[in-house]
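Beneath this line is the structure, given in structure tokens, with notes to follow.
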Amino acid sequence: MRVSLLIVCLIVHCYADDASSNSIKPSGSQTWIDKLKNDLFVNYDRNLRPAEYYNVTNLDIGLTIWHVDIDEEKSILSLYGWVKMTWNDDKLKWNPSDYGNVEQFRYTPENVWKPDVVLYNNARGADNLHYGNTNVIIYNSGKVLWVPPTDFHSFCELNLRFWPFDYQRCFLKIGSWTYDELHLNMTTTEVNPEILWLVPNHKWSIRKVTVERHVKKYECCKEPYVDIQYNVTLQRHSATHKAIVVSPAFVIMLMALSVFWLPPQCGEKIVLNGIIALIITIFLIYFAQQLPAMSGNPPLIVTFYSTTFYLVAISTILSVIALRMTRNKHCRAVPRPLKGQLDGCLGSVLGVGNTSQLDDEKETVGEEVSVNSKQRDWCRLATLLDRLAFVVYLIVFVASIIYFTL
């Protein structure tokens, strides 16, 4: 009798185990992940933070950069890459042994709660859709990993003073829009974000990226809010600009200086100055198209071209004066103070001293000799004016080069 009762109990126990096993296994075409998803998201609300109101959700953020660009006209930094966000969702936990040893699965991000992390200094107005629609990875411990591709567009205060050899320092400030530090604690474990050049950048290179965590209280609210700030230092690749902008600047300087070494009675000086002025005008138009009209300090290279434009104009006026001195027939002698400079130290240094004194002594004294002497003195004065202007212009150009390179 006891043996029969034992057999009956064993049969009932096995039948109960069988029934229990059949109730856990997925039915029909379902997989373990289908059953897991149905069980996890029965009463799940993706709009509510998956924790008690007095608990804190810890969010870890990382950034990978693969391309950057700057819109100089609008002063906007564009950064492309992906953001790695990790947090714990207490509602998405399960025992892997109850679901065929499934420890993780991928799921669409629209059906999962996500932290409302946005770019504070966003340059797209009300558009804060920074992230791509990629799946999240959910682990059995409740850990959620989301690595969406992103494109951040932030305002950046540009300093183009040393264009095209400039460095630009921009920043990205990201943080939760509605959750304060007491509900969403943002942290980052990255000392330096990863830089991965998927697309070669022929215009900018990243010199340095630093990360800062800030906790700030705003006037609207008493709770502290957390933000993560990425400081990005960019350097412009200037090889092309060096060939297009810098090299012609040296040629223009040499041409402007060579004008003063032409004979003072040579009318081609005015033609050469006109050609230089035309070249500078073309470059100024090019700068107006390439660079934004910004207040503050203009680029030094633009200042150099505009200053050279004024210097060429003054050089043209000096050439007209020199032509008038040499081509007109003068009845009056050179004024005595200027005559003293011609025969004195200044004339000797600049090579316009009275080298024709012996020739004058050999000539017959008369009215014609006196006229030739006066005319010669006026030519010497025009030459002195040209060479003195050459020295002044040379000093100005050398000082400009030194100031630009420092």
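The values are calculated or read from the model by the stated rules, or taken from the named source; none is laboratory data. The shown structure was predicted, so the numbers you read here are calculated from the model rather than taken from an experiment. Ideal geometry is used to build each Cβ from the backbone, glycine not excepted, and the neighbour counts take in all protein chains shown. To get the accessible areas, we keep the full protein, side chains included, count just its heavy atoms, and leave off ligands, DNA and RNA. Shrake-Rupley method; radii C 1.70, N 1.55, O 1.52, S 1.80 Å.
Do you know the relative contact order of the stretch 197-308, to the nearest whole percent, from alpha carbon pairs under 8 angstrom that are 6+ apart? It would help to have the intermediate numbers written out before the result.
Numbers: 79 pairs, mean separation 21.2, N = 112.
It comes to 19 percent, rounded to a whole number.
How big, in percent, is the set of alpha carbon pairs in the stretch 39-105 lying more than 21 Å apart?
On the way: 1204 of 2211 pairs.
Tail of the P(r) past 21 Å holds 54 percent of the pairs.
On average, how much accessible surface per residue is there in the stretch 32-236, in Å², for a 1.4 Å probe, leaving out ligands, DNA and RNA?
Values: 10670 Å² over 205 residues.
Here the per-residue accessible area is 52 Å².
Taking amide hydrogens as modeled 1.01 Å from N in the peptide plane, which residues meet the under 5 Å criterion relative to Thr188, leaving out close sequence neighbours?
Answer set, sorted by chain and number: Ile61.
Taking R0 as 41 Å, what FRET efficiency do you get between Arg161 and Glu223 from their Cβ-Cβ distance, rounded to the nearest 0.05?
About 0.50, to the nearest 0.05.
In the stretch 129-169, which trypsin sites (Lys or Arg not before Pro) are in a loop and have at most 16 other Cβ atoms within 10 Å, using DSSP for the loop call? Write out the running numbers ahead of the final one.
Details: sites: Lys143, Arg161, Arg169; in loops: Arg161.
Within the stretch 129-169, the qualifying trypsin sites (Lys or Arg not before Pro) (loop, at most 16 other Cβ atoms within 10 Å) are Arg161.
Would you kindly calculate the translational diffusion coefficient of the stretch 32-236, applying Stokes-Einstein with the Kirkwood radius from alpha carbon pairs, for 10 °C and a viscosity of 1.306 mPa s, and quote it in µm² s⁻¹ without decimals? All intermediate terms of the calculation are to be shown ahead of the outcome.
Numbers: Rh = 18.7 Å.
It comes out at roughly 85 µm²/s.
Could you work out what % of the accessible surface of the stretch 32-236 is carbon and sulfur, using a 1.4 angstrom probe and leaving DNA, RNA and ligands out of the count? Walk me through the numbers before you get to the answer.
On the way: 5180 of 10670 Å².
It is 49 percent, rounded to a whole number.
About its Cα centre, how strong a charge dipole does the stretch 59-177 have in debye, to the nearest 20, once Lys and Arg get +1 and Asp and Glu get -1 at the Cβ?
Numbers: 11 positive and 15 negative charges, 48 e Å.
Roughly 220 debye, rounded to the nearest 20.
Provide the solvent-accessible area of Leu323, counting protein heavy atoms only and rolling a 1.4 Å probe, rounded to the nearest 10 Å².
Result for Leu323: roughly 20 Å² accessible.
Which loop-located GluC sites (Glu not before Pro) does the stretch 206-306 contain, where loop means any DSSP state but H, G, I, E or B and the Cβ has at most 15 other Cβ atoms within 10 Å?
Numbers: sites: Glu212, Glu219, Glu268; in loops: Glu219.
In loop regions of the stretch 206-306 (DSSP not H, G, I, E or B), the sparsely surrounded GluC sites (Glu not before Pro) are Glu219.
Compute the convex hull volume of the Cα atoms of the stretch 161-317, divide it by the residue count, and report the result per residue in Å³ as a whole number. Write down the numbers at each step before the final one.
Details: hull volume 24.3 nm³, N = 157.
Measuring per residue, one finds 155 Å³ for the Cα hull of the stretch 161-317.
As a test question: what accessible area, to the nearest 10 Å², does Glu110 have when a 1.4 Å probe is rolled over all protein chains in place?
Its heavy atoms expose roughly 80 Å² to the probe.
Over 19 Å apart: what share of the alpha carbon pairs of the stretch 119-181 falls there, rounded to a whole percent? Intermediate values should be presented prior to the final figure.
Working: 1082 of 1953 pairs.
Cα-Cα pairs in the stretch 119-181 separated by more than 19 Å: 55 percent.
In the structure shown, do any of Lys114/Lys203; Lys74/Lys114; Lys143/Lys208; Lys173/Lys242; Lys84/Lys217; Lys35/Lys143 have a Cα-Cα gap over 29 Å, and if so which? Write down the numbers at each step before the final one.
Details: Lys114/Lys203 35 Å; Lys74/Lys114 32 Å; Lys143/Lys208 32 Å; Lys173/Lys242 34 Å; Lys84/Lys217 26 Å; Lys35/Lys143 19 Å.
From the list (Lys114/Lys203; Lys74/Lys114; Lys143/Lys208; Lys173/Lys242; Lys84/Lys217; Lys35/Lys143), the Cα-Cα distance tops 29 Å for Lys114/Lys203; Lys74/Lys114; Lys143/Lys208; Lys173/Lys242.
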